[in-house]
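> Before anything else, here's the structure in question.
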């Protein structure tokens, strides 16, 4: 029987040995992972982007009933309810009901601007791809605001809390 005090040390030794063997196997394998590479880099896209100045200018048209400009917030519903650009639709990734609710406005829009949290958030890119390649929205009207919600908030842009647009 193993004494109770030595069991955690033995478990730690086994784990350390397994980790060392895993790193050694990875470094010796021709297709091993590179430890200095960023495997989670933001995906590249070919959508047009919107500057902070353009984003600010377009916000004034969101309350217009013509529906020429549609803003989509690609963040999760909880984030949207905490704060969002007034007049923007919340269309989280993989939420078919939210997308269905916004599709009518998207089909008559002249300009669609998508934003998410900003920084390394890629939800706006994935939503843009879904709109174009799965739902037939014209590629030329889809734009991404890459600085995102964080930059909009830092600038002191208008915001609204709750589920209402």
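Bear in mind that the values in this text are calculations on the coordinates, not laboratory data. From a predicted model like this one, the values you see are computed outputs, not experimental measurements. A quick note on method: Cβ atoms are made from the backbone with ideal geometry, for glycine too, and the neighbour counts reach across all protein chains shown.
> Roughly speaking, what is the stretch gain from residue 159 to residue 120, that is 0.36 nm per residue apart minus the C-alpha to C-alpha distance, in nm to one decimal? Don't skip to the answer; put the middle values down first.
On the way: separation 39, 0.36 × 39 = 14.04 nm, distance 2.16 nm.
Separation in residues times 0.36 nm, less the Cα-Cα distance, equals 11.9 nm.
> Report the relative contact order of the chain, percent, no decimals, based on alpha-carbon pairs under 8 angstrom and at least 6 residues apart.
In percent, rounded to a whole number, it is 26.
> To continue, here is another question. Over 5 Å intervals from 0, what percent of Cα-Cα pairs in the chain sits in each interval?
Once binned at 5 Å, the Cα pair distances of the chain give 1, 8, 15, 17, 14, 8, 4, 5, 6, 6, 6, 4, 2, 1, 1, 0.
> Note down the nm distance, to one decimal, between modelled labels 7 Å out along Cα→Cβ at residue 25 and at residue 44.
3.4 nm
> Another question, if that's okay. Which of 83, 104, 148 moves most in a GNM of the chain, Cα contacts under 10 Å?
104
> Using only helices, what value at 222 nm comes out for the chain when you add -39,500 (n - 2.57) per DSSP H run of length 4 or more and divide by the total residues, to the nearest 500 deg cm²/dmol?
-13000 deg cm²/dmol
> Based on the Cβ-Cβ distance of residue 95 and residue 35, what FRET efficiency does E = 1/(1 + (r/R0)^6) give at R0 = 30 Å, to the nearest 0.05?
0.25
> What percent antiparallel are the DSSP beta bridges of the chain, to the nearest 5?
Restricted to the chain, the bridges split so that about 10 percent are antiparallel.
> Taking the 0 to 90 degree range and rounding to the nearest ten, how far is the long axis of helix 96-108 tilted relative to the main principal axis of the chain, both from C-alpha atoms?
40 degrees
> Mind checking the angle between helix 123-133 and the chain's longest principal axis? C-alpha axes, 0 to 90 degrees, to the nearest 10.
Approximately 60 degrees, to the nearest 10.
> Is any residue of the stretch 110-125 close enough, with backbone N under 20 Å, to a label point placed 7 angstrom from the Cα of residue 76 along the Cα-Cβ axis, and if so, which?
115-125
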